[in-house]
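Quick note: the coordinates plus some simple rules give every number you see, no bench work behind them. These figures come from a predicted structure and were not determined experimentally. Cβ coordinates were reconstructed from backbone atoms using ideal geometry, including for glycine residues, and neighbour counts include every protein chain displayed.
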Amino acid sequence: MPISNPSDASPLIAIHKADRDAHHLGEIELTVPHFQSVTVTGDFQLQKENLNDNNTATDARANGINQYVEVKFYLPVLIKQYRHFGEVAMNGTGRWKIQYFDGEWHDWETGMLIRTTADWSAWIEPAAGVKLCSRVRLVCTAVDTAVPQSRIMELEIKY
Ligand SMILES: [Ca+2]
């Protein structure tokens, strides 16, 4: 029904906007299954698809600084925390960072220590906070000197 009086419309608009925000914010909180459903792109040396294949026995490998794996979402999502699973051949000298894209690339987490044990890190909430983004990247910022090659069994990001 058309509303001819603007004073009648504004409360309705406010209610609708609140409903819309609640509805959409609920939908776009990233989950691990959503993160794992994306086919990655990027320029890791080897096996980039192993980063989010829900298998902690398969590793992704980088052998150069700035090599990355990218996860692109169909719609923007909210990210809040991440964890990663290590590989025992590493000696701990490798470093990663995570970037997010909201129209341009930003660092979300930097100085991530490569893991040297076959287990998960804790869930980590970067100091940069919750971000709404359409893509994320894991980037190699230092190649582990053990092989030399930086290996990661699995990365998980979620709200
Ligand atoms: Ca894997």
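Taking neighbour Cβ counts within 10 Å as the exposure measure, how do 32, 40, 136 sort from fewest upward? Please list the in-between numbers first.
Working: 32 14, 40 20, 136 26.
Ordered from fewest to most neighbouring Cβ atoms within 10 Å, 32, 40, 136 come out as 32, 40, 136.
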Notebook entry, point to check: Points 7 angstrom from Cα along the Cβ direction at residue 106 and residue 145: gap in nanometres?
Noted result: 3.5 nm
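Select from region 80-159 those GluC sites (Glu not before Pro) which occupy a DSSP coil region and have at most 14 other Cβ atoms within 10 Å, ordered by residue number. Provide the component values of the computation, followed by the final result.
Details: sites: 87, 104, 109, 154, 156; in loops: 87, 104.
Within region 80-159, the qualifying GluC sites (Glu not before Pro) (loop, at most 14 other Cβ atoms within 10 Å) are 104.
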Check: Measuring from a point 7 Å past the Cα of residue 80 along Cα-to-C-beta, which residues in region 119-134 have an amide N at less than 15 Å?
Finding: 123-133
Notebook entry, point to check: Label-point separation (nm) for residue 91 and residue 117, each offset 7 Å from Cα along Cα-to-Cβ?
Noted result: 2.0 nm
Checklist line | Additional length obtainable on full extension of the chain from residue 55 to residue 41, 0.36 nm per residue less Cα span | finding: 3.3 nm
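Give me the Å³ per residue figure for the convex hull around the C-alpha atoms of region 54-110.
Numbers: hull volume 6.9 nm³, N = 57.
In region 54-110, the Cα hull volume divided by residue count equals 122 Å³.
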Margin query: Spelling out what I want: for every residue of region 56-70, take phi, set θ = phi - 60°, compute 6.51 cos²θ - 1.76 cosθ + 1.60 (Karplus), and round to whole Hz; glycine and proline get x.
Written below: 7, 9, 10, 10, 10, 10, 10, 10, x, 4, 6, 5, 9, 10, 10
Checklist line | Range of Cα positions in region 33-159 per principal axis (Å), largest first | finding: 37, 26, 26
Checklist line | Label-point separation, residue 31 to residue 72 (7 Å along Cα→Cβ), nm | finding: 2.4 nm
Check: Under a straight-distance cross-link criterion of Cα-Cα below 30 Å, which lysines are reachable from residue 48, leaving out those fewer than 8 residues away in the same chain?
Finding: 72, 80, 97, 131, 158
